[in-house]
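Below you'll find the structure, written out as structure tokens, and then a few comments.
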Amino acid sequence: MKTLFVLFINDYKRIRVALLFLLILYLITILFLKFGNRQLMMNSIPGFFVVFMTFGTTLAAPAIFGLLLNDDLKYNTVYLLFSLPKKRFMIFFGKYFLAITICLVTSIGSSMCMKLFQEMEYHNDILVDYSQLVILTSMYVFWILGITCFTAAIMLSIKRYRQVAGLVLFVTLMVLSYKFHDMVEWMIKYKIDFLRWNIRYDEYRVMFLIGLFFVVLGHYIYNKFSEI
Amino acid sequence: MAFLLDPTRPIYLQIMEEIKKRAVRGLYRPGEQLPSVRDMAKEMEVNPNTIARVYRELEQEGFIETRRGRGSFITEDSSRIEAERTKFGRDATQRFIRDITELDMTDKQIQDMLSLLKRSFSGADGKDKSTGEGTHNVCTGE
Amino acid sequence: MFVQVNDVWKKYPGKWALQGVTFDVSKGKVLGVLGENGAGKSTLFRIIASVTRPSKGNIMVDGIPVGLETRKIVAFLPEINPFYGWMKVMEQFEFLAAFYEGWDMDKTRELLKFMDLPDNDKIGTLSRGQQAKLKMVFAFSWPAKLVLMDEPLGGIDPPARKKIINTFFHEFRFGEQTIIMSTHMVSEVEEFVEDVFYLKKGKIVLSGEADRLREEKGTSLVGIFEEIAG
């Protein structure tokens, strides 16, 4: 286990460039996109919702960094990993353990930041709605993608339960699409500006399709796995 | 000298022959210890299991003797080696006769050829080039 | 029987890679799996190495159904370089050593030296021949009971090949280790394999002891193979 941990620390060290790049991109977006609408009433978002949203990021990161950017598949090191005399579960746990740890820290950190931003916005009445931006980005980019990829990762690691995992994924997506409907409705209610995102009330279906796309992607990756 | 295998014939038989030939030529003396299976495998560039089989077969034939924990030894019985020499000689002669009879030569022609070849062989012992030329001359002379 | 493969089938989407493969290997043997590219050799190796599961059939190694337990005694050398390109040679072996019982680090160093491999270079910067040599270091640094070599000599220049072959003769634990090697270039393994079988489109079309086949057919394995392939 210790060696696996060391391996994966090194593994993640290698993709720190990608991490950094994403972080910078994220910051630039936040800096340049300004949401001028001051009647957003973001503060009415309950705390647990913020945590829930950021948890999407948490789930997304191991999938993105662990699965998609990971080059085990590309460079055939899976053969090495899979022929090791350790349980597959242990190997995958080891592989993603660090990712999950990183994300938990990030998640808690970003939740705290969001709360802080909310406080700032509330007290200072500033122009840039950081929290809204964070939430929107999380929502559009990470949430669906994250959960889908994470489920896909589970599907890949535990082949035997892939049908169950598929079902869970499907149900998750259904619930998500429903939740999205709710959420969009809620945002309309509070007149959140969707102009920049160019998304209308019923376009949550697009999100659903995006989710489906990732299901297909997950299956593609799974098939690639099953061939080795 | 490099030992070349003929992949069209069973390898273990070829190695058995090679070891016997070496004993006949005196490279391995009666009672001399043979290289270990592993060393022999490396020398012949074949699987050690094949060498193990060769040693087993040779032992069954009584050509070598395996002493537990000490290795394999060529038989002390020099008549056994002599018998192999005769056998190889017989085989070589048979091959020669088979080939030569196909050419429909008279006994006299064969005798002449033999003495001529023998002279050039013994005269140029160790000088490969002149031997080659000598043989060549004989052929064109015909 | 040390390795028992019993009626193994493997299906990939839309294609059967293996169709009822059955064979046995007794302990200490060197078995050659011959066949053209795409005949199912690599799939078979992955299944024996317990990297992937068969669609049907069962495989036993040392009396144990393949899985976690057999991975402890099987060294799997896939055709491609399976090592981490970003790791240094020695780092990779230290990593692997932690997983295998009885790994001998001195042996690793000795083998690296014998093969002229730099132990402080990143694996990704090594040549193909050097990466192939690394696989041999992996196979013989620990007492693996079964070594699976998938195309061990594929695409390697002659000097590296010579080194690999020498290592094989030097390190093969005669009587203890069982080796299964595959190739599509039969001439490469002609002298090493004791038993062979030919795989064609996922089926065994001919099998037997190499020397017996030579005797029966009066030709080399290469010749027999060409006849079957043609």
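Tabulated data for the structure shown
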| read-out | value |
| --- | --- |
| FRET efficiency, B:Lys108 to B:Arg56 (Cβ-Cβ, R0 60 Å, nearest 0.05) | 0.80 |
| Dimensions in Å of segment B:1-104 - Rg and Dmax from alpha carbons | 15.0, 56 |
| R0 of 51 Å, Cβ-Cβ distance B:Glu17-C:Leu68: FRET efficiency to nearest 0.05 | 0.60 |
| DSSP-assigned coil residues among GluC sites (Glu not before Pro) in segment B:51-121, each with at most 15 further Cβ atoms within 10 Å | B:Glu76 |
| Value of relative contact order over chain C, rounded to a whole percent, pairs C-alpha under 8 Å and six or more apart | 27 percent |
| Listed pairs C:Lys163/C:Lys201; C:Lys15/C:Lys200; C:Lys29/C:Lys72; C:Lys135/C:Lys162; B:Lys42/C:Lys200; C:Lys29/C:Lys200 exceeding 26 Å between Cα atoms | C:Lys163/C:Lys201; B:Lys42/C:Lys200 |
| Positive-pole candidate from B:Gln14, B:Gly26, B:Ser36, dipole of segment B:1-104, charges at beta carbon | B:Ser36 |
| Ratio of the Cα radius of gyration of segment C:3-229 to 2.2 N^0.38 Å, where N counts its residues | 1.00 |
| Value of [θ]222 nm, deg cm²/dmol, for chain C, DSSP H segments ≥ 4, -39500 (n - 2.57) each, nearest 500 | -9500 deg cm²/dmol |
| Efficiency of FRET from Cβ geometry, C:Lys27 and C:Ile80, R₀ 30 Å, rounded to 0.05 | 0.55 |
| Beta bridges by DSSP in segment C:3-229, antiparallel share as percent, to the nearest 5 | 55 percent |
| Rg/Rg_ref, segment C:136-230, where Rg_ref = 2.2 N^0.38 Å and atoms are Cα | 1.14 |
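All of the numbers you see were taken from the coordinates with simple rules; none came from a lab. Bear in mind that the values here come from a model prediction, so they are computed numbers and not experimental data. Methodologically, a virtual Cβ is constructed for each residue, glycine included, from the backbone with ideal geometry; neighbour enumeration extends over all protein chains shown.
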